[in-house]
Number of protein chains: 2
Amino acid sequence: MRLVIARCTVDYEGRLTARLPSAVRLVMVKADGCVAIHADGGAYKPLNWMVAPNILVEARDDDGSPTWTVSNGKGERLVIRFDEVLSDSSHELGTDPGLEKDGVEAELQALLAARPDVIGDDLVLVRREYPTDIGPIDLLCRDGSGATVAIEVKRRGEIDGVEQLTRYIARLELDPGLRPVRGVFVAQSITPQAKVLAGDRGFRCVEIDYEVLKGMRPEDLRLF
Amino acid sequence: MRLVIARCTVDYEGRLTARLPSAVRLVMVKADGCVAIHADGGAYKPLNWMVAPNILVEARDDDGSPTWTVSNGKGERLVIRFDEVLSDSSHELGTDPGLEKDGVEAELQALLAARPDVIGDDLVLVRREYPTDIGPIDLLCRDGSGATVAIEVKRRGEIDGVEQLTRYIARLELDPGLRPVRGVFVAQSITPQAKVLAGDRGFRCVEIDYEVLKGMRPEDLRLF
DNA sequence: TATTACATGTCGACC
DNA sequence: GGTCGACGTGTAATA
């Protein structure tokens, strides 16, 4: 990883056209070739960047200033003109073992697929990721009466999720073999607005405690 | 801006739980207090981060290793344990003049406002950013028959945009002076799923070539 | 403060 | 390679 602290101007042309006036910034070049230009604030997002793969060409401007031109095969181009280099260092970092995550939506969905009864006593899973032509439904089940139940699972239940469930159900209702279709909106927590909207649409809301669900011993999990 | 190259382990607890095993990484602390941990690859996104405002506490572990605990008021906590510090430098960058952008959705909307006939021959602009109580509609027009036409403009047309248009039209239909309202979904490109949904809702889809639109000479632009 | 829509979103999964 | 949905999305504008 190469870290350059320098007064520089930057021009980007590609998905949009953007320009950075002369100022002191950090220019970061990673081992995979990606380039990022950071100001001293504004969270983790750089002011400008180029993702790998790309080609970095070092040259000198008319007046002798170093200039980097970074381009990729998709018509994007980043030009960095260095007015004054304050620091330039390189470091060998090696490959990173990577981030170990826990608690995302996928696991919540998997746990619920194994235990649909947590959502409703009489639910039996038909399949996960049931496909429709506007996208897959998280869980499709049948209840004790044989009615179809479409379930949207979110980590955080917000209005978007209710809209998504609405769209899916509208598509499913077109299939005589599935009609009628009930909707259930499941999340660790559901915002008041999402609850109101779900109520308007006739969907049941279920808030799930992820820790409790995860804590169930394997023998409690009904495999499918 | 402080830049630390170090072998470290990192734990994050907050919106999820995540852990980084010991490896050499860059730890960046910006003037506004935000912290980012970068590996030597993977575009501009750090492996872990904390956005400002937050509190950084430097301490020493049981075995003498420096440890940073970064926490904010929303129950998020990032713990960085330094096993070996290879480099530690600070730089004064000053405030950044900021990025000057061009070519985003706003310009597409402005160009179409000047040339609604590109969307439909007989369209006449009523106004841009026509207000409703759930937000402004990009373009409101009338067609040759005097019917209202609501137009949602996106750079990329996806399902969310169709939902947005649907909500706006539902509001407009409440106004007897506007009813009936037709919907048109305009974007540089529209995904197949968005086209299906727009079709279901009875909206017309129009894909626009931004470069062609921009290339029209000023005298071709009908000002409003 | 809370909600909404945008982003050079990025990223992964799947087709 | 394209499409689609999740993301610790972040971010700005707006009410």
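The values are calculated or read from the model by the stated rules, or taken from the named source; none is laboratory data. In this text the structure is predicted, and so the values were computed from the model without any measurement. As a convention, Cβ positions derive from the backbone with ideal geometry for all residues, glycine included, and neighbour counts pool all protein chains shown.
What strands (runs of 3 or more DSSP E), lying completely within the range B:101-200, carry at least 2 residues that are at pLDDT 85 or above and surrounded by 22 or more Cβ atoms within 10 Å (Cβ to Cβ)?
Fully inside the range B:101-200 and qualifying: B:135-142, B:148-157, B:181-190.
Does the range A:58-73 contain at least one residue that is more than 14 Å from every other protein chain (Cβ to nearest Cβ) and among the aliphatic types (A, V, I, L, M)?
Yes, the range A:58-73 contains at least one residue that is more than 14 Å from every other protein chain (Cβ to nearest Cβ) and among the aliphatic types (A, V, I, L, M).
If you go through the range B:131-148 one residue at a time, do you hit one that is over 18 Å from residue B:206 (Cβ atoms) and touching an Asp or Glu at 6+ places or on another chain (Cβ under 7 Å)?
Scanning the range B:131-148, I find at least one residue that is over 18 Å from residue B:206 (Cβ atoms) and touching an Asp or Glu at 6+ places or on another chain (Cβ under 7 Å), so the answer is yes.
Collect the residues in the range A:8-23 that are within 18 Å of residue A:61 (Cβ to Cβ) and at the interface with another protein chain (Cβ under 7 Å from one of its Cβ atoms), keeping them in residue-number order.
Hits for the range A:8-23 are A:19, A:20, A:21, A:23.
Starting from residues that are within 14 Å of DNA strand D (Cβ to nearest atom) and free of Cβ contacts under 8 Å to residues at least 24 places away in the same chain, keep the ones in the range B:132-162 and report whichever is farthest from the other protein chains (Cβ to nearest Cβ).
The selected residue is B:136.
Could you tell me whether residue A:98 is within 14 Å of chain B (Cβ to nearest Cβ), surrounded by 15 or more Cβ atoms within 10 Å (Cβ to Cβ) and part of a loop (DSSP other than H, G, I, E, B)?
Spelling it out, it is not the case that residue A:98 is within 14 Å of chain B (Cβ to nearest Cβ), surrounded by 15 or more Cβ atoms within 10 Å (Cβ to Cβ) and part of a loop (DSSP other than H, G, I, E, B).
Given the range B:1-91, what strands (runs of 3 or more DSSP E) lie entirely inside it while holding 1 or more residues that are closer than 24 Å to residue A:32 by Cα, aromatic (Phe, Trp, Tyr) and modelled with pLDDT of 90 or more?
B:48-50
I'd like the full set of residues that are away from DNA strand C (no atom under 16 Å from the Cβ), touching a strand residue (DSSP E or B) at 6+ places or on another chain (Cβ under 6 Å) and of a type in the set (D, E, K, R), limited to the range B:6-33.
B:7, B:11, B:13, B:19 - these are the residues of the range B:6-33 that are away from DNA strand C (no atom under 16 Å from the Cβ), touching a strand residue (DSSP E or B) at 6+ places or on another chain (Cβ under 6 Å) and of a type in the set (D, E, K, R).
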